[in-house]
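Undergrad: Take a look at this one; I'll ask things after.
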């Protein structure tokens, strides 16, 4: 899957889960600071990403991802192109 498609899907899921407009979300945004995800929301976000990409993620590894851009790169490394 191409990075652009992954980025689109990561932003769509992030926007839906955090009740934001996709247009407001930038790759540099941190989930906890700029986007306001608390620890429970972060876990829900991981679950939503698992469903979106049909993956079974290591929750501890996934929760180390801090920004939208690093989430895109994280999934780019897991998904075949």
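Any read-out appearing in this document is the output of simple, stated calculations on the displayed coordinates, not a laboratory observation. Source: prediction; values computed, not measured. Reconstructed Cβ throughout: ideal geometry from the backbone, glycine too, with neighbour counts over all protein chains shown.
Undergrad: Cα convex hull of the chain: how many Å³ per residue?
TA: On the way: hull volume 6.2 nm³, N = 81.
Per residue, the Cα convex hull of the chain comes to 77 Å³.
Undergrad: Another question, if that's okay. Can you put 11, 43 in order of Cβ neighbours within 10 angstrom, beginning with the fewest? Display every interim value, and only then the final one.
TA: Working: 11 21, 43 14.
Least crowded to most crowded, the residues run 43, 11.
Undergrad: Just 20, 64, 41 to compare: in a GNM of the chain, with alpha carbon springs under 10 Å, which one fluctuates most?
TA: Of the options given, 64 has the highest mean-square fluctuation.
Undergrad: Right, here's the next one. Label 7 Å along Cα→Cβ of residue 34; the stretch 48-76 residues with amide nitrogen under 19 Å?
TA: In the stretch 48-76, the label zone of residue 34 (backbone N under 19 Å from the point 7 Å along Cα→Cβ) covers 63-76.
Undergrad: Can you give me the relative contact order of the chain as a percent, contacts being Cα pairs under 8 Å and 6 or more apart?
TA: Working: 78 pairs, mean separation 34.6, N = 81.
In percent, rounded to a whole number, it is 43.
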